[in-house]
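Heads up: the structure comes next, in structure tokens.
Nothing in this text is a laboratory measurement; each read-out follows from the coordinates by a stated rule. Everything numeric in this text was worked out from a predicted model, so none of it was measured. Note: ideal-geometry Cβ built from the backbone for every residue, glycine included; neighbour counts use all protein chains shown.
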Amino acid sequence: MAVRRLIISDLHFGCTDALLAAPAALERIEPELAWADELVINGDLFELVFTSLEEAVGAARPFLALANRHVGRVHYFPGNHDHHLVSLSGDERRFAQILGTPAPPFARVAPAERLLRSLCPQAEVVCAYPLCDLDGMRITHGHYITPHLGSSELRLMDWLAWCLTGEQSRPDRLTVADYEGLIAPLYERMYEIANLPSGKRAQQQFDRWLSGITAIARAPQRASRQLSGLANALTGRSEPLAPDAPTAQVLRAMQAVCHNLEIAPGTVVFGHTHLPLDGVPTPDGRHRLYNSGAWVWDRRLRDTPAYRERAWPGTVLRATGSDIELRGLLADCGDDELRELLGSPVAPRPRRRLRPQLAAVRR
């Protein structure tokens with residue numbers, strides 16, 4: 001009998017926009033967990049860039065307790081916003097080499113496994129990175145696509161990240177080590193800031209500053225668009241593209257990652273972009289792409305015209321063996337319902353202004 005897997009990504013527990021921290025959202029997803037044999041968390045379970053580790057884990061506890069109640073196995077593949085767990089795993093391997101003790105396998109993320117086993121004690125937990133194969137589906141979070149987007153908005157970010165690697169030039173074909181060199185220094189630095197005694201306040205100030213840049217960038221000037229791209233890339237919850245960005249650009253970047261990681265033709269499941277995909281082929285036709293979307297109601301994008309159609313949160317993938325179905329669990333919710341889920345006050349609707357002649361009659 002085929003294994004039933006629920007695939008979900010970009011929960012960002014610890015950020016103020018995380019929907020699954022709300023009891024009403026947990027009620028929506030519980031039937032999906034009850035259906036599944038296994039839960040696959042494809043990256044960014046924890047928001048470790050703008051929130052302390054303790055707060056992020058605390059916010060995730062109710063959801064993981066629900067998963068522990070229903071599924072027999074949890075697969076967890078860290079992304080860029082919980083990449084610190086991957087960095088910890090690398091340090092453990094280095095210490096093992098120095099001390100001459102057995103090291104965990106390269107693809108396993110031992111600190112993440114220990115953390116999730118404590119939160120899901122009744123389920124088997126497997127944590128891998130950066131790629132995993134389940135019933136012929138290749139699953140990766142997808143943050144490796146950023147260097148391939150080639151947009152002017154992200155060039156400054158990419159240039160800064162590459163400078164931090166210490167390499168003189170960038171190769172045409174990136175390896176896992178190259179991708180990690182572009183990711184780890186920036187995200188580790190932001191993780192350390194978030195966990196300082198006053199780190200959350202510093203990150204919130206930084207976040208507000210970047211929000212201001214994004215607002216300015218709505219003007220049509222090219223320089224403003226570049227600042228907006230850098231702001232979104234650094235804050236990351238809408239990364240790396242706004243929902244009205246060209247889909248072809250994303251597909252080409254995903255195709256490049258498949259090529260560089262030498263992924264055999266077939267099904268590849270991504271997260272990261274917050275843009276759900278339902279079996280879309282790559283431009284060369286070698287891979288069929290799925291994306292599980294996100295559970296973050298992003299305040300920077302929620303008012304953009306294409307957000308409802310392309311990146312509305314609350315999507316999951318149901319996989320029965322290698323058969324995959326995209327489902328929108330919050331598709332019937334409007335803005336007010338999502339505000340209520342997050343515990344935000346619903347803005348009063350503006351009163352309609354009377355026509356001048358009608359106002360004169362009433363006077």
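Details
- Positive minus negative residues near Gly100 (Lys, Arg vs Asp, Glu; Cβ under 15 Å): +1
- Cβ crowding within 10 Å averaged over residues, with 78-85, 99-106 ranked highest first: 78-85, 99-106
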